[in-house]
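Everything on this sheet refers to the single structure shown next.
The values are calculated or read from the model by the stated rules, or taken from the named source; none is laboratory data. Fair warning: this is a prediction, and the values are worked out from it, not measured in the lab. Neighbour counts run over all protein chains shown; Cβ positions are idealised from the backbone, glycine included.
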Amino acid sequence: MIKYFFILLFFLNTCQASDIINITFLGTGTPRPNIDKLGPSILLKYQNDEILFDVGRGTTLRLEQLNNNYTKIDNIFISHMHFDHIVGLADFWLTSSLWQKKTNTNIYGPKGIKKFCSQIKKLYEKDLEYRYENNSYNQLNCLYHQDVKKYNNLLSITSFKNDHGHVDNSYGFKINFGNKKIIYSGDTTYSKNVINNSKNADILIHEVISVSKKIYDNNKKLRKVVNSHTNVSQLIQILNICKPKLTILNHALLFGVNEQSVLTRIAKEYNGKVIFAKDFMSVDLGEEINIFNTGK
Ligand SMILES: [Zn+2]
Ligand SMILES: [Zn+2]
C-alpha cells in the first residue's frame with residue numbers, strides 16, 4: 001500500500017511539477033548534538049531550483065543521504081548568526097566545490113554575514129590554494145537579506161524580523177508562490193511580526209520550547225533560554241490567530257517533556273493540524289499538502 005502511495009506521489013509530482021513546491025527537513029535539531037536531529041536546515045525545491053534555509057551541523061551529510069549532488073544549490077538563506085544555523089556552511093561550500101560545483105554559492109544573511117564569509121575564506125585559504133587554485137569557480141558571495149527583492153518571477157522570498165531575545169538581527173522567512181504561502185519562523189519567542197506574516201499560511205514552520213516544571217525551577221540558565229524561544233502557551237495563541245493549514249514544529253527544545261505531551265496540550269486549545277518535523281521529512285505543497293518521509 002505504501003509503495004503505491006509513493007508511486008501515486010511520483011505520478012502527481014510529474015504531472016503537476018510546476019504547481020508544487022517541496023520542502024525537505026535536512027536537520028530539525030538544536031545546538032545539542034543528536035544524530036537523529038541534525039542542525040537546522042530546510043531544502044526547498046521549486047521547479048529546477050533548490051534553496052537552503054539555514055545550514056546547521058550535518059547539512060551536507062543529509063544532502064548526500066538524499067543523493068543530492070549539490071550543484072543546483074546556489075542560494076542559501078540564513079536566519080541568524082547563532083552557530084547552530086551556520087556551522088555547516090563551510091562544509092557545504094567546500095564539499096560542493098570538491099564535487100565540481102561550478103556556479104557561485106550566494107548566502108543571504110543578517111548583519112555579520114559578510115564578515116563571517118570572508119573569515120571562512122581566510123580560515124580555509126591553504127586548502128583553497130592547494131585544491132582549487134584559489135577557487136576560481138564556486139565563489140562564496142555573501143549578501144544581506146535585503147538584497148533579495150523578489151527571488152524570481154514565480155517565487156518570492158522575503159525576510160522579516162522576529163524576536164530572538166538578545167539576538168538583534170534574527171529573521172524569519174516568507175515564501176510565496178501563486179496564492180500559496182510558507183513561513184519559516186526562525187528562532188524566536190512570541191513575535192507580532194511573525195504573526196502578521198503567518199496569517200492564513202499554508203504551512204507554518206515554527207520553533208518551540210517546553211520545559212518541565214522541575215527542570216525549569218532548578219535550572220537558572222535554561223530559564224534565560226526560555227525567554228528567547230516560543231513556549232507552548234505562546235504557540236497556542238499564535239496558532240489560534242494565524243490558523244495555518246499545517247503547522248510543523250521545528251527546532252524543538254524539549255526538556256523533561258516529549259513531543260506527544262506537547263501535541264496533546266496544543267490539541268486541547270487549538271483545532272488545526274500540528275506535527276513535529278523529523279529529519280528527512282518531506283512535504284509537497286500544491287493544491288493539497290502531502291507529507292511523506294524520504295528517510296533511509
Ligand atoms: Zn537555533
Ligand atoms: Zn538561535
Count, please, the residues in segment 51-103 that happen to be within 14 Å of ligand 1 (Cβ to nearest atom), polar (S, T, N, Q) and over 13 Å from the mean Cα position of the chain (by Cα). 0
Every residue from segment 232-275 that is over 21 Å from the mean Cα position of the chain (by Cα), of a type outside the set (Phe, Trp, Tyr), farther than 22 Å from residue 37 by Cα and outside any helix (DSSP H, G or I): 271, 272
Pairs needed: first member in segment 259-270, over 12 Å from residue 235 (Cα atoms); second member anywhere, among the polar types (S, T, N, Q); C-beta distance under 9 Å; at least 6 residues apart or different chains. 261/210
Here are some residues: 78, 73, 107, 120. Which one is surrounded by 15 or more Cβ atoms within 10 Å (Cβ to Cβ) and within 16 Å of ligand 2 (Cβ to nearest atom)? 78
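How many of the residues making up segment 34-55 are touching a helix residue (DSSP H, G or I) at 6+ places or on another chain (Cβ under 8 Å) and more than 18 Å from residue 96 (Cα to Cα)? Working first, answer last.
So in segment 34-55, the residues touching a helix residue (DSSP H, G or I) at 6+ places or on another chain (Cβ under 8 Å) come out as 38-41, 43, 47, 52, 54-55.
Going one step further and asking which of them are more than 18 Å from residue 96 (Cα to Cα), we end up with 38-40, 47.
Selection size over segment 34-55: 4.
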Count, please, the residues in segment 172-193 that happen to be crowded, with 21+ Cβ neighbours inside 10 Å and within 15 Å of ligand 2 (Cβ to nearest atom). 8
If you check residue 151 against the conditions, is it closer than 29 Å to residue 19 by Cβ and within 16 Å of ligand 2 (Cβ to nearest atom)? no
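Check whether at least one residue in segment 158-168 is touching a residue at least 24 places away in the same chain (Cβ under 8 Å), under 30 Å from residue 285 (Cα atoms), out of contact with any helix residue (DSSP H, G or I) (no Cβ under 6 Å at 6 or more places or on another chain) and small (Gly, Ala, Ser), and report yes or no. Please lay out each step first, then the result.
Within segment 158-168, the subset touching a residue at least 24 places away in the same chain (Cβ under 8 Å) is 159-168.
Applying the additional criterion that residues be under 30 Å from residue 285 (Cα atoms) yields 159-164.
Next, only the ones that are out of contact with any helix residue (DSSP H, G or I) (no Cβ under 6 Å at 6 or more places or on another chain) stay: 163-164.
From the residues that got through so far, the ones that are small (Gly, Ala, Ser) too are none.
Taking every residue of segment 158-168 in turn, none turns out to be touching a residue at least 24 places away in the same chain (Cβ under 8 Å), under 30 Å from residue 285 (Cα atoms), out of contact with any helix residue (DSSP H, G or I) (no Cβ under 6 Å at 6 or more places or on another chain) and small (Gly, Ala, Ser).
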Which ones in segment 276-296 are farther than 22 Å from residue 46 by Cβ and part of a strand (DSSP E or B)? 276
Name the residue that is farthest from residue 81 (Cα to Cα), counting only residues in segment 140-157 that are surrounded by fewer than 18 Cβ atoms within 10 Å (Cβ to Cβ) and modelled with pLDDT of 90 or more. 155
Total residues in segment 237-288, condition within 22 Å of residue 176 (Cα to Cα) and loosely packed, with under 15 Cβ neighbours inside 10 Å: 6
Could you check segment 33-54 and list, in sequence order, the residues that are within 16 Å of ligand 2 (Cβ to nearest atom) and modelled with pLDDT under 95? none
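Looking at segment 73-89, can you tell me whether even one residue there is in a strand (DSSP E or B), hydroxyl-bearing (Ser, Thr, Tyr) and in contact (Cβ under 8 Å) with a residue 24 or more places away in the chain?
Narrowing segment 73-89 to residues in a strand (DSSP E or B): 73-77.
Checking the rest, the ones that are also hydroxyl-bearing (Ser, Thr, Tyr) come to none.
Within segment 73-89, not a single residue is in a strand (DSSP E or B), hydroxyl-bearing (Ser, Thr, Tyr) and in contact (Cβ under 8 Å) with a residue 24 or more places away in the chain.
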